[in-house]
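Colleague: Okay, here's the structure, questions in a sec.
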Ligand code: SF4
Ligand code: SF4
């Protein structure tokens, strides 16, 4: 949902690919922080940051989950890095229907990076703290940005379920569950 521009604090994670060695500590800490209950498990498949890895060429690219989209895009660029071809999807952070990436492996619900603002909110994103090589760095600054209401995790999950099963089925199911309680 977009509206007027407003001046507000922007939180940003910068990536320096030259410093990343593919250790995947960022994936581990992200999955642990977002586990339910918190820190009860470590599973990189549930991480909201994933490292695209090419060990032969010593290339590692950390990608964070960005937006949920119910339709796949129709553009497919190909990137060549050290003579190896990568599809555009390899470096895309969207949570989209044609990939398994950034979806909970059990429920298939979207896993979006929330900059560790989940309860309790972290002053600095945990993947940045875990990255001892400084490949991920964090900054905050004031900027003019479009006013936007960011959906939280529950809203994202409900949206994905509504896209999959239809809003009416979802509403009927809620009504049935509420009656049982
Ligand atoms: S923790 Fe840092 S160095 Fe390790 S994979 Fe993640 S971004 Fe790369
Ligand atoms: S900022 Fe937090 S939620 Fe986002 S990828 Fe890093 S650890 Fe995961």
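Colleague: Jot down the radius of gyration and Dmax of the chain, Cα atoms only, both in angstrom.
Modeller: For the chain, the Cα-based Rg and Dmax read 18.1, 60 Å.
Colleague: Can you compute the modelled spin-label distance between residue 74 and residue 176, with each label point 7 Å from Cα toward Cβ, in nm?
Modeller: 3.7
Colleague: Per the helix-only calculation at 222 nm, which mean residue ellipticity applies to the chain, given -39500 (n - 2.57) for every DSSP H run of n ≥ 4 and division by its residues, nearest 500 deg cm²/dmol?
Modeller: It lands at -6500 deg cm²/dmol.
Colleague: Now a separate question. Mind jotting down the distance between the C-alpha centroids of the range 64-93 and the range 123-137, whole Å?
Modeller: Centre-to-centre (Cα) distance: 24 Å.
Colleague: How would you rank 15, 78, going from fewest to most other Cβ atoms within 10 Å of each one's own Cβ?
Modeller: Going from sparsest to densest Cβ surroundings: 78, 15.
Colleague: May I ask you to compute the full-extension gain from residue 35 to residue 91, defined as 0.36 nm times their residue separation minus their alpha-carbon distance, rounded to one decimal in nm? Mind showing how you got there, number by number?
Modeller: On the way: separation 56, 0.36 × 56 = 20.16 nm, distance 2.45 nm.
Working it through step by step, the gained length comes to 17.7 nm.
Bear in mind these aren't lab numbers, they're just calculated from the coordinates by the rules spelled out. Just so you know, these numbers come straight off a predicted model, no measurement behind them. So basically every Cβ, Gly included, is an ideal-geometry build from the backbone, and we count neighbours across all protein chains shown.
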